[in-house]
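Here is the structure we will look at, set down as structure tokens.
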Amino acid sequence: MRKRILLPASLLLLSAGLLALPAIAAPPVRQDLVWQDLERGRADEALQNIAKLLAQNPKDPEAHNLRCRVYYQEEQWDQAIADCEAAVQLAPGNSNFHLWLGRAYGQKAAHASIVSGYPLARKVHAEFERVVQLDPNNAEALADLGEFDVMAPAVVGGGVTHAEAIVQQLRGVDPAGALVLQARIAESKKDYASAEAAFKSAIQQSSYPADAWMDLAAFYRRRGRLDEMVTAAHTGASLDPNHSPALVDGASNLALAGREPQTAIQWLQQYLDSNAQSEIAPAFVVRAQLAHLLQNLGDIEAAQQQLAVVHALASAYRIPPVVNASARTGL
């Protein structure tokens with residue numbers, strides 16, 4: 001039988017006095033820890049901490065923007081839009097908030113019917129335009145706006161002519177990005193030789209050649225030039241010693257083309273083991289693709305282990321039948 005520990009009377013009186021004191025408030029949530037959750041793909045943990053931030057200050061625009069971005073990772077477009085709209089309303093002069101609202105509208109439009117997609121597409125264009133007005137040197141916004149113009153019809157504000165004008169603006173702040181957009185324009189015109197040349201020129205201009213090689217690999221995949229795709233992807237991977245999201249792009253290209261599944265698995269695992277994990281390739285999305293590849297190879301147990309981690313990181317994420325691990329923005 002466990003012995004009862006008797007406390008001295010003086011200690012009992014002290015403890016009674018402590019109980020009468022007001023509770024010590026929990027320390028405020030540090031926003032930098034939420035950023036770490038976002039970068040490492042810990043969606044559930046990020047949402048819990050953001051809820052605490054908003055409990056401290058319901059009108060914190062940065063907290064709303066962060067929650068929008070977590071929902072964006074989880075592909076919960078309506079929730080993402082609601083929080084990004086709140087961020088923009090609270091801080092209308094913040095170009096980054098408009099950028100993420102445009103991206104959320106874009107993904108909602110991409111998954112909507114034609115009837116409901118058109119009004120959303122107009123909102124996408126308006127938000128990207130607003131970003132460029134607020135910050136003409138925002139390379140990400142210019143690239144997103146140019147990509148939108150390539151893909152969207154003129155009736156919603158898009159069109160190749162508009163995209164060509166964006167190339168000129170982008171050239172001054174991101175020469176490699178301008179070449180990628182130029183390549184996308186040429187590809188949309190079925191001028192594949194010019195597109196390939198522009199993608200190759202972007203490799204020479206890029207500060208991140210691994211990314212540029214993966215862009216070229218994706219072009220080869222879309223053209224059905226799969227041997228060249230594999231070569232480009234391997235070249236990009238060889239230039240990525242930090243195992244960045246470029247490896248995820250490379251793995252996605254291999255998976256979509258049905259080539260070298262073991263290499264794709266290796267690249268995804270290297271990314272997940274690295275310190276280069278990023279919001280643009282959330283860990284739980286990458287693990288979902290890894291599970292899909294493992295399942296295709298018959299390793300059901302390993303696939304289930306990956307899916308369990310996905311659920312632990314992002315319980316609201318609905319795993320699609322085929323997962324593309326790249327979460328880079330686009331319509």
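If Q133 satisfies all but one of (1) more than 18 Å from the chain's Cα centre (by Cα); (2) buried (at least 22 other Cβ atoms within 10 Å of the Cβ); (3) more than 19 Å from A82 (Cα to Cα); (4) at pLDDT 90 or above, what's the number of the condition it fails?
Evaluating Q133 over (1) more than 18 Å from the chain's Cα centre (by Cα); (2) buried (at least 22 other Cβ atoms within 10 Å of the Cβ); (3) more than 19 Å from A82 (Cα to Cα); (4) at pLDDT 90 or above leaves (2) as the failure.
Can you tell me which residue among A104, A82, A63, A87 is in a helix (DSSP H, G or I), surrounded by fewer than 18 Cβ atoms within 10 Å (Cβ to Cβ) and modelled with pLDDT of 95 or more?
Only one candidate passes the filter, namely A82.
Yes or no: L142 at pLDDT 95 or above, of a type outside the set (G, A, S), within 21 Å of W100 (Cβ to Cβ) and outside the structural domain of G236 (by TED's automatic domain parsing)?
Judged against the criteria, L142 is not a match.
The values are calculated or read from the model by the stated rules, or taken from the named source; none is laboratory data. Keep in mind that this is a model prediction, so the values were computed, not measured. Neighbour counts run over all protein chains shown; Cβ positions are idealised from the backbone, glycine included.
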